[in-house]
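The values are calculated or read from the model by the stated rules, or taken from the named source; none is laboratory data. On a predicted model such as this, the values are computed, not experimentally measured, just so you know. Ideal geometry is used to build each Cβ from the backbone, glycine not excepted, and the neighbour counts take in all protein chains shown.
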Amino acid sequence: MKKPAIALLLLLTACSSTPDPRPLSIPEAERLALVRFSNYTTGVSAFTASVPSPGGKLQLNGRVDFVNHLGYAGMRTDGRDDQFSQGMVQWNLGRIAFATTPSTTPVDPVPPADWQVRDLQERGSELDGALRLLVNLGSDRPENSQLLLQSSARWLR
């Protein structure tokens with residue numbers, strides 16, 4: 001499995017001391033226009049992520065299916081070792097399922113467990129926002145680079 005979108009995601013969210021955001025250049029817009037399509041043609045890709053949350057930093061290690069908009073990952077909370085600080089998570093565009101498990105290594109098939117299922121929140125949850133963004137990083141056609149140049153797309157850092 002490849003990690004094509006994760007580098008872009010990390011690049012967009014990395015902290016640095018660079019100048020203010022600026023409009024995209026033509027080559028940057030052309031590359032950005034292909035990102036979601038490239039992910040889609042890859043199909044399934046491994047990822048690792050660190051998501052800040054009120055309960056502690058969540059560490060995710062799993063895979064995302066850009067064609068079917070599905071994800072599956074092991075999750076643990078940095079600095080905690082109680083029974084609710086780790087487990088497995090599955091999600092799609094609208095729902096998330098979490099199960100506490102002794103292992104945080106995703107396996108196939110998905111193990112039977114006492115999965116707790118809920119709708120993904122639109123606002124207020126860093127984890128839900130990150131998971132929704134991740135499964136939305138695939139599209140069956142490239143974006144229009146000219147529209148990206150005309151939009152509010154900006155190079156952040």
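Go through segment 87-104 residue by residue and tally those that are in a strand (DSSP E or B) and under 11 Å from Asp128 (Cβ atoms).
Result for segment 87-104: 4.
If you check Arg36 against the conditions, is it among the charged types (D, E, K, R), within 30 Å of Pro142 (Cβ to Cβ) and touching a Gly at 6+ places or on another chain (Cβ under 7 Å)? Talk me through it step by step, then tell me what you get.
Details: among the charged types (D, E, K, R): yes; within 30 Å of Pro142 (Cβ to Cβ): yes; touching a Gly at 6+ places or on another chain (Cβ under 7 Å): yes.
Criteria met by Arg36.
Does segment 116-129 hold any residues that are buried (at least 17 other Cβ atoms within 10 Å of the Cβ) and part of a loop (DSSP other than H, G, I, E, B), and which are they?
Leu120
Taking Pro142, is it touching a Phe, Trp or Tyr at 6+ places or on another chain (Cβ under 8 Å) and in a loop (DSSP other than H, G, I, E, B)?
So Pro142 passes the test.
Could you count how many residues in segment 79-90 are surrounded by 11 or more Cβ atoms within 10 Å (Cβ to Cβ) and more than 11 Å from Ser103 (Cα to Cα)?
Of the residues in segment 79-90, 4 are surrounded by 11 or more Cβ atoms within 10 Å (Cβ to Cβ) and more than 11 Å from Ser103 (Cα to Cα).
I'd like the residue in segment 110-136 that is hydrophobic (A, V, I, L, M, F, W, C) and touching a residue at least 40 places away in the same chain (Cβ under 8 Å) and, out of all such residues, is nearest to Thr77 (Cα to Cα).
Leu127
Return the residues of segment 94-113 that are modelled with pLDDT under 90 and either touching a helix residue (DSSP H, G or I) at 6+ places or on another chain (Cβ under 6 Å) or of a type outside the set (Ser, Thr, Tyr) (or both); say none if nothing qualifies.
Selection gives Pro102, Pro106, Val107, Asp108, Pro109, Val110, Pro111, Pro112, Ala113.
Please tell me if Ala113 is among the hydrophobic types (A, V, I, L, M, F, W, C), surrounded by 13 or more Cβ atoms within 10 Å (Cβ to Cβ) and assigned to a helix (DSSP H, G or I).
No; evaluated as a whole, the condition is false for this residue.
Being polar (S, T, N, Q) and either surrounded by 19 or more Cβ atoms within 10 Å (Cβ to Cβ) or touching a helix residue (DSSP H, G or I) at 6+ places or on another chain (Cβ under 8 Å) (or both) is the filter here, so list the residues in segment 44-78 that pass it. Before the answer, list the steps.
First, pick out the residues of segment 44-78 that are polar (S, T, N, Q): 45, 48, 50, 53, 59, 61, 68, 77.
Correct list: Ser45, Thr48, Ser53.
Are any of the residues in segment 79-88 under 22 Å from Leu156 (Cβ atoms), modelled with pLDDT under 95 and not hydrophobic (A, V, I, L, M, F, W, C)?
no
Which numbered condition in (1) outside any loop (DSSP other than H, G, I, E, B); (2) of a type in the set (A, V, I, L, M, F, W, C); (3) free of Cβ contacts under 8 Å to residues at least 24 places away in the same chain is the only one that Val107 fails?
(1)
For Arg132, state whether it is within 29 Å of Arg36 (Cβ to Cβ), surrounded by fewer than 15 Cβ atoms within 10 Å (Cβ to Cβ) and not β-branched (Val, Ile, Thr).
Judged against the criteria, Arg132 is not a match.
Give the number of residues within segment 44-78 that are modelled with pLDDT under 95 and part of a loop (DSSP other than H, G, I, E, B).
Counting residues in segment 44-78 that are modelled with pLDDT under 95 and part of a loop (DSSP other than H, G, I, E, B) gives 7.
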